[in-house]
Amino acid sequence: MRIIRFAAVLAILSTLVVVAGAAPAAAADDCVIVRTPRSYQLQGDCTTDSTIFVPNGATLDGRGYTITAVNPDGGKFRGAVVQNEGSSMNITRLVVRADVGQTGCAAGNDRLAGVRFDSASGSITKSSILDINQGASGCQEGNAIEVRNPPFDGTGSNPMRVEISNNRVENYQKTGIVVNGDVIVMMYNNTVGASATQASLAANAVQIAYGAGGWVSNNTVYGNQWLGTSYWYGAAFLLYQAENLQVVNNTVLGNSDYGFAIDTSNNILLRGNYISDQGADSGVCHEYNGDCYTFDIGIGSYYSTNVQLLSNQIVNFDVQYETEDGPQRIGNDNGRSGRSGR
């Protein structure tokens, strides 16, 4: 792991990569950052072949410049392009890209990500996280913005609070914005495009899961389809074991297997969302126990409690609303009565 400790005036990020059991080797990057009284400021476009760690409590101001992840000579880029060093990090006006190609799958902390908050609070604002993918790869990695904090079972008592606002996310691999674990998120005014690898894996634009909750509003999110034949699906929003979450006044565009997929979650409010399905459906048959499923569902709520649906517009999906008991009739605009998942 490489930790960047910024100099008081100027730091050229060419410190050490330390590999367990091996001698340190020089890192091939050319990122120049200047420390000012209010933030650390990126001085120009640059590349890095290993993670840039932001000091505890610091703000990294990209000033509109781009950090591009590349593979080290003869190796594979591992982990996030930018990540927190301590318990807090703020990112603003930064562009992050990856240019890594297919170099095999990684696991754990080595999985590719754009910006990662690992057990840290803070914010990412006014930034663009683009092309966090390995090409036509089915590896379960390539999250553009990733926030995680254990435990991941809804029993946490010390949540991290993270703001994700006014960002643009495009051409990720697995997930555009993923929030997992003991986290309270404020996510608003973001634009999240579709995955670049829908033919290779089942992708989600936004995932909030494993005990995470908070407020999600005024985002524009493009959905995903899973174009393979195994029994999976792609979604604009995946809420899996989410807790105490309000999703309000968002717009879902593009073509989705699910606009919202809600699974084993609790205390979920969907209000005033416009959920549309655009373009031709793939028609791919996803086989399960000999049956064929072609997902095209606006809102699916399964094995969840206290799911309130109010004033959502659901347009052009084959099934507007479904529970574990099958399709349910709620009308194109369900604002008059609302419905609760089980």
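Find out how many positive minus negative residues lie around ARG38, taking Lys and Arg as positive, Asp and Glu as negative, among other residues whose Cβ is under 14 Å from that of ARG38. Charge balance in the 14 Å sphere: +2. DSSP beta bridges confined to the chain are antiparallel in about 15 percent of cases.
Selection among VAL115, LEU269, GLY135 by position relative to the dipole of the chain gives VAL115 as farthest towards the positive end (Cβ unit charges, Cα centre).
Placing R0 at 35 angstrom, the Cβ-Cβ distance between ASP281 and GLN140 gives a FRET efficiency of 0.90 after rounding to 0.05. Relative contact order, whole percent, for segment 204-320 stands at 25, derived from Cα pairs under 8 Å and 6 or more residues apart.
Heavy-atom accessible area for TRP215, with the other protein chains in place and a 1.4 Å probe, reaches approximately 80 Å². Label zone (ASN189, point 7 Å along Cα-to-C-beta; backbone nitrogen cut-off 12 Å) within segment 106-138: 125-127.
Ranking GLN246, ASN71, ASN90 by Cα position along the charge dipole of the chain, where only Lys, Arg, Asp and Glu carry charges on their C-beta atoms, puts ASN90 farthest toward the positive end.
How large is Rg over Rh for segment 78-122, taking Rg from the Cα atoms and Rh as the Kirkwood inverse mean of 1/r across Cα pairs? Rounded to two decimals, Rg/Rh equals 1.00.
Available extension along the chain between ASP291 and THR47 is 83.0 nm, counting 0.36 nm per residue and deducting the alpha carbon span. Among (i) 6, 26, 33, 22, 10, 3, 0; (ii) 5, 21, 27, 19, 14, 9, 4, 1, 0; (iii) 5, 23, 32, 26, 11, 3, 0, which one is P(r) over Cα pairs in 10 Å bins from 0, in percent computed from these coordinates? Recomputing P(r) over Cα pairs in 10 Å bins from 0, in percent here picks out (i). Roughly what would the spin-label model give for ARG35 and ASP153, points 7 Å off Cα along C-beta, in nm? Reported label-point gap for ARG35 and ASP153 is 4.2 nm. Charged side chains reduced to their Cβ positions (Lys and Arg at +1, Asp and Glu at -1) give the chain a dipole of some 1100 debye around its Cα centre.
When the accessible area of the chain is split by element with a 1.4 Å probe, what percent falls to carbon and sulfur? Summing carbon and sulfur atoms, their accessible area is 46 percent of the total for the chain. Relative contact order of the chain, please, whole-number percent, based on alpha carbon pairs below 8 angstrom and at least 6 residues apart. Across the chain, relative contact order equals 8 percent. The modelled label-to-label distance for the pair ARG168/TYR303, using points 7 Å beyond Cα in the direction of Cβ, is 4.0 nm. Positive contributions from Lys and Arg (+1) and negative ones from Asp and Glu (-1), summed over other residues with Cβ under 9 Å from the Cβ of THR125, come out at +1. Per residue, the accessible area of segment 191-307 comes to 35 Å² when a 1.4 Å probe rolls over the protein heavy atoms. Each Cα pair under 8 Å and six or more residues apart adds its separation to the average, and for segment 136-228 the resulting relative contact order is 31 percent. Around ILE164, under 12 Å between beta carbons, what's the net of Lys plus Arg minus Asp minus Glu among the other residues? Combined, the nearby Lys, Arg, Asp and Glu give +1.
The values are calculated or read from the model by the stated rules, or taken from the named source; none is laboratory data. Since the model is a prediction, treat every value here as computed from it, not as a measurement. Don't worry about glycine lacking a Cβ; one is built from the backbone with ideal geometry, like all the others, and counts go over all protein chains shown. Remember, those area values only see protein heavy atoms, side chains included, never the ligands or the DNA or RNA. Shrake-Rupley method; radii C 1.70, N 1.55, O 1.52, S 1.80 Å.
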